[in-house]
Amino acid sequence: MKPIKMEEVQQKLESFVNKDVYVHLETTNGAYARHFDKKAYNVGAYIRNAKVQFSRAKIVGEGEFHRVGLKMDIGWIYAEGLTHWNVDDEGRLIMAGHDDVGRLMVAIQIGEKPFGQ
Amino acid sequence: MEFNKHKHVVIIYPHPDDESFGASGTITYFREAGVPVTYLCGTLGEMGRNMGSPLFANRETLPEIRKQELLEVAKVLDIEVKMLGYRDKTLEFEDKDKVAEHLKSLLEEIAPSLVITHYPGYAVHPDHNALGAAAVEAVKRMDSDKRPELWAQAISNDRIEVLGKPDIVIDADPIFDKKVQAIKTHRSQAEAMIKRMEQASESSGENEFRKRMRYEGFYIWSFDD
Ligand SMILES: [Zn+2]
């Protein structure tokens with residue numbers, strides 16, 4: 001994973017426009033948040049291999065933190081806090097946001113082939 | 001604690017690294033006493049959020065990385081590992097009955113004298129609680145004359161308040177280097193945590209890592225029949 005370069009990510013995002021694609025979207029603060037801090041809450045959600053089409057895709061951001069929005073016919077897909085990206089061997093776009101010690105906080109991944117179960 | 005009175009120990013935890021953080025001291029003592037140890041590892045920790053520090057993994061590469069770390073730790077601790085193929089964070093949604101039968105069939109094959117798992121309801125992570133519950137159920141379903149002893153590990157902050165002091169406390173201090181080596185073998189998962197511990201040690205002036213990792217406590221499960 002490397003720090004996000006907006007122009008390169010934008011180009012990759014556009015390669016998926018108006019195609020059937022598979023999306024992995026996730027956010028988490030881990031299963032131990034409340035164990036270590038009584039005032040914290042365990043929250044997380046993920047959806048793996050949602051099959052969608054979007055007509056617009058855009059990455060925006062300031063400094064190291066970025067947001068991605070995907071516009072679908074009847075809705076949106078959104079992720080905030082993205083810091084790193086990569087394209088894997090299958091040509092899938094892998095993006096994630098990490099805290100200062102490398103722990104994943106949010107991820108959005110798009111591919112023309114589904115992600116492993 | 002007479003470690004050599006056991007003939008085979010099976011550890012049942014859901015994540016690669018649970019064995020190192022939770023029981024690598026205990027495992028080391030059993031191995032030193034010549035007792036075989038088999039680790040039934042529920043998942044590959046696919047949904048873990050630690051990606052290395054500095055970062056080297058991502059959501060898609062993590063399962064293979066953690067699998068390799070697990071195989072490596074099997075060499076470090078000199079144990080056999082069997083991967084059960086469930087998916088991280090989903091164990092509590094599986095059919096408990098099926099998971100229990102799956103574990104029971106493995107236990108009947110291995111025929112251990114001792115099973116170590118998480119204490120259901122007191123193990124913080126939903127996977128720990130779910131697999132612990134299935135493991136307790138599996139052992140319970142075994143014929144009472146073939147049934148191994150069961151030790152349950154609790155992690156929750158309220159464990160002593162609710163469950164009392166653990167029946168068995170293993171002090172890993174004499175072999176702590178081995179425990180550290182096992183934990184560090186799970187590089188993707190341990191690096192961030194070790195950094196935090198080093199920072200905490202600097203401010204408290206104590207070895208926080210040793211303090212938190214030294215004792216491994218277990219409750220002996222009683223089956224009423
Ligand atoms: Zn765990």
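Label segment B:26-93 by shape, choosing from rounded, prolate and oblate, from the square roots a ≥ b ≥ c of the eigenvalues of the Cα gyration tensor; if a/c is under 1.5 it is rounded, and otherwise prolate applies when a/b is larger than b/c, oblate when it is not.
It is oblate, given that a/c is not under 1.5 and a/b is not larger than b/c.
Please list the non-local residues whose amide H lies under 5 Å from the amide H of A:His98, H modeled 1.01 Å from N, same-chain partners needing a gap of 5 or more.
A:Thr83, A:His84, A:Met105
In Å² (nearest 100), what accessible area is buried between B and A, both sides summed, heavy protein atoms only, 1.4 Å probe?
It comes to approximately 2200 Å² buried between B and A.
Output the residues of segment A:12-31 meeting this criterion: accessible area (heavy atoms, 1.4 Å probe) in the chain alone minus accessible area with all protein chains in place is 50 Å² or greater.
Residues of segment A:12-31 that lose at least 50 Å² of accessible area once the other chains are added: A:Ala31.
Quick check on segment A:63-116: take the gyration tensor over C-alpha atoms, sort the square-rooted eigenvalues as a ≥ b ≥ c, and tell me if it's rounded (a/c under 1.5), prolate or oblate.
Taking the square roots of the gyration eigenvalues as a ≥ b ≥ c, segment A:63-116 is oblate.
For chain A, modelled as a Gaussian network with Cα springs under 10 Å, which listed residue fluctuates most, A:Gly75, A:Gly30, A:Gly91?
Highest fluctuation among the options: A:Gly75.
With loop defined by DSSP as not H, G, I, E or B, and exposure as at most 16 other Cβ atoms within 10 Å, which is the longest segment of chain A clear of exposed GluC sites (Glu not before Pro)?
Longest stretch, sites excluded: A:1-63.
Please report, in cubic angstrom per residue, the volume enclosed by the convex hull of the alpha-carbon atoms of segment B:3-220.
Taking the convex hull of the Cα positions in segment B:3-220, it is 119 Å³ per residue.
Starting from segment A:33-117, pick out the chymotrypsin sites (Phe, Trp or Tyr not before Pro) whose DSSP state is loop and whose Cβ has at most 11 other Cβ atoms within 10 Å.
Answer by residue number: A:Tyr41.
Place a +1 charge on the Cβ of each Lys and Arg in the protein assembly as shown and a -1 charge on the Cβ of each Asp and Glu, then give the dipole magnitude about the Cα centre in debye, rounded to the nearest 20.
Roughly 560 debye, rounded to the nearest 20.
For chain A, would you read off the P(r) tail past 23 Å as a percentage of all alpha carbon pairs?
Tail of the P(r) past 23 Å holds 29 percent of the pairs.
Report the normalised scattering of the protein assembly as shown as log10 I(q)/I(0) at q = 0.09, 0.13, 0.14 Å⁻¹, calculated by the Debye formula with identical scatterers on the alpha carbons.
-0.54, -1.01, -1.12
Go through segment B:59-68 residue by residue and turn each phi into a ³J(HN,Hα) via Karplus (6.51, -1.76, 1.60, θ = phi - 60°); whole Hz please, and just put x for glycine and proline.
3, 8, 8, 4, x, 5, 4, 5, 5, 5
When only Cα pairs under 8 Å and 6 or more residues apart are kept, what is the percent relative contact order across chain A?
Relative contact order of chain A: 29 percent.
Rounded to the nearest percent, how much of the accessible area of segment B:1-108 (1.4 Å probe, protein heavy atoms only) is carbon and sulfur?
Heavy-atom surface of segment B:1-108 belonging to carbon and sulfur, 1.4 Å probe: 49 percent.
Using a 1.4 Å probe on the protein chains only, how many percent of the accessible area of chain A belongs to carbon and sulfur?
51
Considering only DSSP states other than H, G, I, E and B, which trypsin sites (Lys or Arg not before Pro) in segment A:33-62 qualify as loop sites with at most 11 other Cβ atoms within 10 Å?
A:Lys38, A:Lys39
Give me the percent relative contact order of chain B, please, defined on Cα pairs under 8 angstrom at least 6 residues apart.
25
How much length, in nm to one decimal, is gained on full extension between B:Ile160 and B:Glu101, taken as 0.36 nm per residue of separation minus their Cα-Cα distance?
Once the chain is fully extended between B:Ile160 and B:Glu101, it gains 18.2 nm.
Quick one: accessible area per residue over the protein assembly as shown, 1.4 Å probe, rounded to a whole number of Å²?
Counting only protein heavy atoms, the per-residue value for the protein assembly as shown is 48 Å².
Using +1 on the beta carbon of Lys and Arg, -1 on that of Asp and Glu, and nothing else charged, what's the dipole of segment B:24-182 about the Cα centre, debye to 20?
For segment B:24-182, the charge dipole is close to 160 debye.
What residues does segment B:106-135 have that are buried by at least 20 Å² of accessible area in the full protein assembly compared to the chain on its own, 1.4 angstrom probe?
B:Val124, B:His125
Report, to the nearest whole %, how much of the accessible area of segment B:142-212 belongs to carbon and sulfur atoms, 1.4 Å probe, protein only.
After summing per-atom areas, the C and S share lands at 44 percent.
With respect to the cross-link table entries A:Lys5/B:Lys178; A:Lys71/A:Lys113; B:Lys5/B:Lys179; B:Lys96/B:Lys178; B:Lys104/B:Lys211, which display a Cα-Cα separation exceeding 31 Å?
From the list (A:Lys5/B:Lys178; A:Lys71/A:Lys113; B:Lys5/B:Lys179; B:Lys96/B:Lys178; B:Lys104/B:Lys211), the Cα-Cα distance tops 31 Å for A:Lys5/B:Lys178; B:Lys96/B:Lys178; B:Lys104/B:Lys211.
So which residue, out of A:Ala33, A:Ala96, A:Ala50, gets the largest mean-square fluctuation from a GNM of chain A using Cα contacts under 10 Å as springs?
Comparing A:Ala33, A:Ala96, A:Ala50 in the GNM, the peak value goes to A:Ala33.
Taking each residue of A:92-99 in turn, how many C-beta atoms of other protein chains fall within 10 Å of its C-beta, and what is the average?
3
Using protein chains only (no ligands, no nucleic acids) and a 1.4 Å probe, work out which residues of segment B:24-56 have their accessible area cut by at least 40 Å² relative to the chain alone.
B:Met47, B:Arg49, B:Leu55
With point charges of +1 on the Cβ of Lys and Arg and -1 on the Cβ of Asp and Glu, referenced to the Cα centre of the protein assembly as shown, which listed residue (B:Ala100, B:His15, A:Val60) lies farthest in the positive direction of the dipole?
A:Val60
Between segment B:35-97 and segment B:131-154, what is the C-alpha centre distance in whole Å?
22
The values are calculated or read from the model by the stated rules, or taken from the named source; none is laboratory data. Note that the coordinates shown come from a computational prediction; the quantities given were computed from them, not determined experimentally. Using ideal geometry, Cβ is built from the backbone for each residue, glycine included, and neighbour counts are taken over all protein chains shown. For accessibility, only protein heavy atoms count, side chains too; no ligands or nucleic acids. Shrake-Rupley method; radii C 1.70, N 1.55, O 1.52, S 1.80 Å.
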